[in-house]
Amino acid sequence: EYISIAGNQFSGIGIIMSGTIKVMPSSEEGREMLLTCLKPMEFMGEIEYFFECDFVYTTSALEEVVMLHIPIRVIDKYLINNVKFLQLLCKAFAYKTVDHSTSFSQTQLYNRKNRLSHYILERSIKLSTDTIPYSGVEASKVLGITDRHLRRLVAEYVEEGIIGKTRKHITILD
């Protein structure tokens, strides 16, 4: 479920209470790439609030999400002079800046095959299993590569006996 669409009117700041939200920039052709995931106690919309602009990124729920939404009018009337609130927003803004630059650096520094390996291993550890659910469309967004290139990389790993693949799962073999 989409929470915001890039270019739509900004309505307020959200604080994620539970669940995970995907943040995705999109191209003019409609292609999306996963930039980051927002987790509980992270903010959504502080960038738009500071820049007084429409939503910069498209966001969607990765799972069931509970979010506290603070409308712009409430912020402007009650919170804009609250030092603690502004410090919290600034920390969230700084954290996102570092997180995005780190993510971009990793994309540029590591080849696609290493990023795919990391993606598979990270999901395997998170789920505590050698067999993980797999969606090529989702993985290509996370890795920032085309579906076609991802299929080639997965096929190489299958051929080398590193992974086994079914339609909806990948199993780590070696």
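By the helix-only formula, in which each DSSP H run with n ≥ 4 contributes -39500 (n - 2.57) and the sum is divided by residues, the chain has a 222 nm mean residue ellipticity of -13000 deg cm²/dmol. With all protein chains in place and a 1.4 Å probe, the accessible surface of the range 1-143 carries 57 percent carbon and sulfur.
Per residue, the chain exposes 64 Å² of solvent-accessible protein surface, assessed with a 1.4 angstrom probe and all protein chains in place.
Find out how many positive minus negative residues lie around P40, taking Lys and Arg as positive, Asp and Glu as negative, among other residues whose Cβ is under 15 Å from that of P40. Summing Lys/Arg as +1 and Asp/Glu as -1 gives -1. Pairs from the table (K141/K165; K126/K165; K22/K165; K22/K77; K91/K168; K96/K141) lying more than 28 angstrom apart at Cα are K22/K77; K91/K168.
Computed extension gain for F51 through L173, at 0.36 nm per residue and net of the alpha carbon distance, reaches 39.1 nm.
The values are calculated or read from the model by the stated rules, or taken from the named source; none is laboratory data. Quantities reported herein were computed from a predicted structural model and do not represent experimental measurements. Cβ sites come from the backbone with ideal geometry, for glycine too, and all protein chains shown count toward neighbours. The area values use the complete protein model at the heavy-atom level, side chains included, leaving out ligands, DNA and RNA. Shrake-Rupley method; radii C 1.70, N 1.55, O 1.52, S 1.80 Å.
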